[in-house]
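In what follows, a structure is listed as structure tokens, so that the remarks can point back to it.
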Amino acid sequence: MQDKQINGYRPKIAAFCCNWCSYAGADLAGGNRLSYPCDVKIIRVPCSCRVDPIFVLRAFRRGADGVIICGCHPGDCHYTSGNYHTRRRMSLLFSFLDYLGIERERMRVEWVSASEGAKFAAVMNDFVSEISKLGENRRLEDVRCKEQTETRLSEER
Amino acid sequence: MFVCHCGTNIAGTVDVEAVADAMKSESGVVYSATYQYMCSQSGQDIIKKAIRDYELGGIVVCSCSPRMHEATFRKAASSVGMNPYMVEIANIREQCSWVHKNREDATSKAITLARAAVAKLKLNFPLTPGESGVTKRALVIGGGIAGIQTALDIADAGYKVDIVEKSPTIGGKMAQLDKTFPTLDCAACILTPKMVDAAQNENIRIFSYSEVESVSGYVGNFTVTVKKKARYVKEDVCTGCGLCTEKCPRKKIPSEFNLGMDNRSAVYIPFAQAVPKVAVIDSEHCMMLKENKCGVCSKVCTAGAIDYTQKDEYIEEKYGAIVVATGYEPISLERFGEYARGMSPDVITSLEFERLTSAAGPTHGKLVRPSDKMKPNTVVFVQCVGSRCEPSLGKGKEYCSKICCMYTAKHAMLTKEKYPDAEVYVFYIDVRTPGKNFDEFYRRAAEEYGVKYIKGMVGKITPDGERLNVSASDLICRKKLEIKADLVVLAAAIEPSPTARALATKLASSMDTNGFFTEAHPKLRPVESPTAGVFLSGACQGPRDIPETVAQAGAAAAKVIGLLSKERLTANPCVAVCDEEMCSGCSVCGNVCPYGAITYVEKEFRVPGGRTKARRVASVNEAVCQGCGCCAVACMSGAMELKGFMSSQIMAEVDAICRTSR
């Protein structure tokens, strides 16, 4: 968090949270007022196994600096086995990130249960500070996307 | 677009007006407003009016977590004719205003979240939930006071209930207790009639000595396999006369019911009031089953109930609702060597004390030292053994076990009642007595009965000849104490039953870090688990005493009755759907589906040249699909989609989140 304040850099972070454990864990972190940087934006999915590796790559292409996927602890999946699929898929995706030249630290898979509000906040604090150290993700910068984004932003202004 | 202030909960940190203003210029948004409490009646009226006035196709509510009020807003929308699945929630309370302090940052995050919700909503389409029937039968897992009460209440409403109990009799922990606080009425006198009621109720079936083997299905339509362990006694033939238990030559087996303080035979009835009152043969100790020698019990049994060839039996049954009532166990005190547990028989746990004072116990209610059966002159009670432990200690539990303060006061009082001249000490961290007539009870123990309450922990107990040396500190007088005790009673912390973890996995029901079952909402839905159709009763959810357990059992029963009284249930419409044009029938989706909801069918498709060709495609059973979305990711041809969480929708959210300037 401190790094970010020093150089004024704010990372963009997408967090995929499963509805039953991690999203509830995030809600609990809120209920207990445990703060984490506002750069984390949560996307709710029914299960971590709904997260297609393509979503992660899409986020990186659109300029996300970090992507984190949170699910129930192995063995505790609401859908019995969804998070095992997540674990396998994402371990393959890590290798693919290496191939693309994206630091594998930019992606993380964490298990956060519905009762672990404190863990959720701690994980997010840690992840944001790590991404802040890594800085902007320019590897997959798509010029067309960037142009689109900028025109859209200027329209909004 | 409706932005909620939630009093100051959101408006305190997020500039809600700025969010509403920013969203006005978002493409597709035609109306944007804020209100103090969107979930209130007048807030909902604003939403309904706007839907009618502007003929809205969908709405986004920026408010608290969808886990809280999604259902509320969906209901409001559908009351004015909008499809409830055209409602999206941007969670700007739990995941924004409550966790961020900087107003500017929180406002910009709220705008981003609102944009993501709009982006998703644009790709929503109306969904219609399917319907499924309800099996009018409930399953209660656990036959303690929680399970018995739940079953009785459900049966009273006219529904069939099955109780599955792992031990040979129902009754649970309460059957082992002597007297109950704060009224000091005897546990057996209030419990055993209930046990008999349960056994005689024609709506209740009791599967004793049984365990839940597997669970499948979903709310309203569970299929459960119950394993009925072989008891080697025909349950419907045995009269419970007890002759076999008298004649059995193997008699030196520690009794589970009396916590090893006396012995039982290899064929036994757990206790005199057991329900069902049927003998059971312990296969580990029976010589006939182990070595094929003996057979005395079958010779003496006049009813001919003994059957050495009995096998475990598996019973499959359908249920509409499942209640978990697995209760608690005192923790093992193995790692608390400082209390000399195991070194001296005169260091006992509170549950053992209950058996010692119980008229049906090993000493017939005579409170004596287990070592020499003599009257104890000095009794020391140690509270919080394993409760409220520092995590750094690496043993015990962090939580308060809740019931120990009260039962220790009861034990101290009972000791004084039996031996008014005995010295009774209670060591405590805090005395916690919230409950009706609880504090009065504790004060009576301390003031009227002269029990010496000392704030401080016992550091070490060492056996010293026939007595026990108790070294402790008195935190109020700031001095060290050495007490020569005859009997030490440890109030061991309580933890969830060790069988609960495996059961939670079978039920896909979540547990907290301590292994207690989690409730759907800690305040508003305390007896429902997050898994639809699974309810919680008693100490499986957290430490609680008998009155609370009974109250919760009734509450769980009311929820079950509410569910079973419905003829049809609406199912979750967010299920997988297959685009048959794109499906190649490769079977990948069927292999990853945890519910077996995907089958493959041969279908005729039109091909060039005006002909048709049969092709294998996936077909989703919407009643079985739970909507995890695993198949949608596994599908290589992109044919599988999850309604409500389509790839395009999630990617639109990703785009919206990444769109904001750094």
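The numbers here are math on the coordinates, done by the rules we state, and not lab data. This is a predicted model, so every value here is computed, not measured. Cβ: placed from backbone, ideal geometry, glycine included. Neighbour counts: every protein chain shown.
The angle separating the long axis of helix B:647-659 from the principal Cα axis of greatest extent in chain B is about 80 degrees. Could you tell me how far the Cα centroid of segment B:153-230 sits from the Cα centroid of segment B:353-416, in Å? Between the Cα centre of segment B:353-416 and that of segment B:153-230, the gap is 27 Å.
Which trypsin sites (Lys or Arg not before Pro) from segment B:244-344 combine a DSSP loop assignment with at most 11 other Cβ atoms within 10 Å? Before the final figure, lay out the partial values.
On the way: sites: B:Lys247, B:Arg250, B:Lys251, B:Lys252, B:Arg264, B:Lys277, B:Lys290, B:Lys293, B:Lys299, B:Lys311, B:Lys318, B:Arg335, B:Arg341; in loops: B:Arg250, B:Lys251, B:Lys252, B:Lys277, B:Lys293, B:Lys311, B:Arg335.
Answer in residue order: B:Lys252, B:Lys293, B:Lys311.
Counting Lys and Arg as +1 and Asp and Glu as -1 over every other residue whose Cβ lies under 10 Å from the Cβ of A:Trp111, the net charge comes to -1. Counting only Cβ charges, +1 for Lys and Arg and -1 for Asp and Glu, the dipole size of segment B:552-655 around its Cα centre is about 360 debye.
Within the shell defined by Cβ-Cβ distances under 13 Å, the residues around B:Ala230 carry a net charge of -1, with Lys and Arg each +1 and Asp and Glu each -1.
Please give the per residue volume of the convex hull enclosing the alpha carbon atoms of segment B:576-643, rounded to a whole number of Å³.
Numbers: hull volume 5.3 nm³, N = 68.
For segment B:576-643, the hull spanned by Cα atoms encloses 78 Å³ per residue.
Note on A:Lys133 and B:Arg501: with the Förster distance fixed at 41 Å, the Cβ-Cβ geometry gives a FRET efficiency of about 0.60. Using C-alpha pairs below 8 Å separated by at least 6 residues, the relative contact order for segment B:576-643 is 46 percent.
Classify segment B:511-657 as rounded, prolate or oblate from the Cα gyration tensor: take a ≥ b ≥ c as the square roots of its eigenvalues, call it rounded if a/c is under 1.5, otherwise prolate when a/b beats b/c and oblate if not.
prolate
Taking only the alpha-carbon positions of the protein assembly as shown and ignoring solvent, what does the Debye formula give for the base-10 log of I(q)/I(0) at q = 0.04, 0.05 Å⁻¹? The calculated log intensity ratios at q = 0.04, 0.05 Å⁻¹ are -0.22, -0.35. In order along segment B:563-570, phi translates into HN-Hα couplings of 5, 5, 6, 7, 7, 9, 10, 7 Hz, rounded to whole numbers, per the Karplus curve 6.51 cos²θ - 1.76 cosθ + 1.60 with θ = phi - 60° and x for Gly and Pro.
Taking a temperature of 4 °C and a viscosity of 1.567 mPa s, what whole-number D in µm²/s does Stokes-Einstein yield for segment B:2-127 with Rh from Kirkwood over alpha carbon pairs? Please list the in-between numbers first.
Numbers: Rh = 14.1 Å.
Estimated diffusion coefficient is 92 µm²/s.
Since only B:Leu139, B:Val488, B:Cys248 are under comparison, the one whose Cα sits farthest along the positive direction of the charge dipole of chain B, derived from C-beta charges on Lys, Arg, Asp and Glu, is B:Cys248.
Toward the positive end of the charge dipole of segment B:95-229, with +1 on the Cβ of Lys and Arg and -1 on the Cβ of Asp and Glu, the farthest Cα among B:Thr225, B:Tyr209, B:Val164 is that of B:Thr225.
Across segment B:188-195, coupling constants 3J(HN,Hα) worked out from phi with the 6.51/-1.76/1.60 Karplus curve, θ = phi - 60°, read 4, 5, 9, 8, 4, x, 5, 4 Hz, and Gly and Pro carry x. When the charge dipole of segment A:39-150 is built from unit charges on Cβ atoms (+1 for Lys and Arg, -1 for Asp and Glu) and taken about the Cα centre, the candidate among A:Leu100, A:Val56, A:Ser81 whose Cα reaches farthest toward its positive end is A:Ser81.
From helices alone, chain B scores -8000 deg cm²/dmol at 222 nm; the rule is -39500 (n - 2.57) for each run of n ≥ 4 DSSP H residues, then divide by the residue total.
For the set A:Lys119/B:Lys75; B:Lys252/B:Lys373; B:Lys566/B:Lys603, the pairs lying more than 30 angstrom apart at their alpha carbons are A:Lys119/B:Lys75; B:Lys566/B:Lys603.
Note that segment B:317-328 has calculated 3J(HN,Hα) couplings of 9, 9, 9, x, 8, 10, 10, 8, 9, 7, x, 9 Hz, one per residue in order, obtained from phi through the Karplus relation 6.51 cos²θ - 1.76 cosθ + 1.60 (θ = phi - 60°); glycine and proline are x. Answer rounded, prolate or oblate for segment B:89-165, using the Cα gyration tensor with square roots of eigenvalues a ≥ b ≥ c: rounded when a/c is under 1.5, else prolate when a/b is larger than b/c, else oblate. Because a/c hits 1.5 or more and a/b fails to exceed b/c, segment B:89-165 counts as oblate. Expressed to the nearest 5 percent, the antiparallel share of DSSP beta bridges inside chain B is 55 percent.
Legend: translational diffusion of segment B:329-495 by Stokes-Einstein, Rh = Kirkwood radius over C-alpha pairs, 10 °C, 1.306 mPa s; D = 99 µm²/s. Using only side-chain charges placed at the Cβ, +1 for Lys and Arg and -1 for Asp and Glu, the dipole size of chain B relative to its Cα centre rounds to 540 debye. Entry for chain B at q = 0.06, 0.08 Å⁻¹: log10 I(q)/I(0) = -0.48, -0.79, Debye formula applied to identical alpha-carbon scatterers, no solvent contribution.
Work through the residues other than B:Leu503 whose Cβ is under 11 Å from its Cβ and net out their charges, Lys, Arg +1 and Asp, Glu -1. Don't skip to the answer; put the middle values down first.
Numbers: positive: B:Lys166, B:Arg501, B:Lys506; negative: B:Glu211, B:Glu213.
Around B:Leu503, the charge tally is +1.
Taking a quarter of the surface of the Cα convex hull of segment B:422-463, what do you get in nm²? So the Cα hull casts an average projection of 3.8 nm². Legend: distances between Cα atoms for B:Lys251/B:Lys416; B:Lys24/B:Lys122; B:Lys228/B:Lys299; pairs beyond 23 Å are B:Lys251/B:Lys416; B:Lys228/B:Lys299.
Antiparallel DSSP bridges in segment B:329-495: what percent, to the nearest 5?
Around 45 percent antiparallel, to the nearest 5.
Taken over segment A:2-156, the ratio of Cα radius of gyration to 2.2 N^0.38 Å equals 1.05.
Kirkwood hydrodynamic radius (Cα pairs, Å) of segment B:310-392?
Working: mean 1/r = 0.0600 Å⁻¹.
Averaging 1/r across every pair of different Cα atoms and inverting gives 16.7 Å.
Sparse packing (at most 13 other Cβ atoms within 10 Å of the Cβ) combined with a DSSP loop state is found for none of the trypsin sites (Lys or Arg not before Pro) in segment B:120-224.
Scanning residues 5 or more positions from B:Ser255 or on other chains, those with amide H under 5 Å from its amide H are B:Gly260, B:Met261, B:Asp262, B:Asn263, B:Arg264, with H placed 1.01 Å from N in the peptide plane. Here segment B:223-378 has an Rg and Dmax of 19.0, 57 Å, counting Cα atoms alone. Restricting attention to the protein assembly as shown, close to 50% of DSSP beta bridges with both partner residues there are antiparallel.
In segment A:20-92, which trypsin sites (Lys or Arg not before Pro) fall in coil by DSSP and have 15 or fewer other Cβ atoms within 10 Å? Hits after loop and neighbour filter: A:Arg33. The H on the amide N of B:Ile206, modeled in the peptide plane, is under 5 Å from the matching H of B:Ile163, each at least 5 residues off or on a different chain.
Computed from point charges on the beta carbon alone (+1 for Lys and Arg, -1 for Asp and Glu), the dipole magnitude for the protein assembly as shown about its Cα centre is near 580 Debye. Take the Cα of B:Lys75, step 7 Å toward its Cβ, do the same at B:Glu482, and the gap between the two points is 6.8 nm. Computed over segment B:82-133, the convex hull of the alpha-carbon atoms projects to a mean area of 5.0 nm².
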